[in-house]
Amino acid sequence: MAGLSDLLAPGSRRDIGAAIATLLANYPADNASPAVERARAQSWAEALEGLPAWAVDKARRKWMRGEVAGVNPDFAPKPPRFRQIVVDVLSPVYERRNRLAMLLKAEVEREIPEDERERVSERLAAFRVELSKTAAVASLGPAPADRPVHPHHDHHDTKAA
């Protein structure tokens, strides 16, 4: 898990800035003032803050190779869209980290000793036998009444015989 934490550690502003400078060098820039250029740099820094530099660089390579679906590679990406691409690059790593975290939190089931398994099996077998006896008795029907019922007598008759 420590290796994944290192892998997901935020990259330095310098390393991320170098990857973005390489990306944007391939697109003509307008003659923006230094203040506008600083604002653009700040936008990129904010958009990519907290992301690993290796993932930013991998997203840059995907962009440059035309491997990002749904975009026009003739135009430079906007910072929020590029962040989405970086997060997509990181997705498998996040999934692995989450699975490992779940496994680390899982409770270990205790191993049931063989003698305990045998004892439970014996008790279960005895219960089944008892249950089958009860079922056999129940299948005989209700117990006979206190007085016999004769087919020729009206058993609803309340007169004394």
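The values are calculated or read from the model by the stated rules, or taken from the named source; none is laboratory data. Because the structure is a prediction, the values reported are computed rather than measured. Using ideal geometry, Cβ is built from the backbone for each residue, glycine included, and neighbour counts are taken over all protein chains shown.
List of remarks:
- Test for V56: is it touching a Lys or Arg at 6+ places or on another chain (Cβ under 6 Å) and buried (at least 16 other Cβ atoms within 10 Å of the Cβ): no
- Filtered by the rule that a residue be surrounded by 10 or more Cβ atoms within 10 Å (Cβ to Cβ) and β-branched (V, I, T), the stretch 73-128 gives I85, V86, V87, V89, V93, V120.
- Top-ranked residue in the stretch 104-123 [being aliphatic (A, V, I, L, M) and at pLDDT below 90; ranked as nearest to A69 (Cα to Cα)]: L104
- Meets criteria (more than 34 Å from the chain's Cα centre (by Cα) and either touching a residue at least 24 places away in the same chain (Cβ under 8 Å) or surrounded by 15 or more Cβ atoms within 10 Å (Cβ to Cβ) (or both)) for L8: no
- Checking each residue in the stretch 59-72 for being surrounded by 13 or more Cβ atoms within 10 Å (Cβ to Cβ) and assigned to a loop (DSSP other than H, G, I, E, B) picks out V68, V71.
- Exclusive hit being in a helix (DSSP H, G or I) and more than 24 Å from P92 (Cα to Cα), set A39, A32, A47: A39
- From the list V86, V56, the lone residue that is of a type in the set (V, I, T) and free of Cβ contacts under 8 Å to residues at least 40 places away in the same chain is V86.
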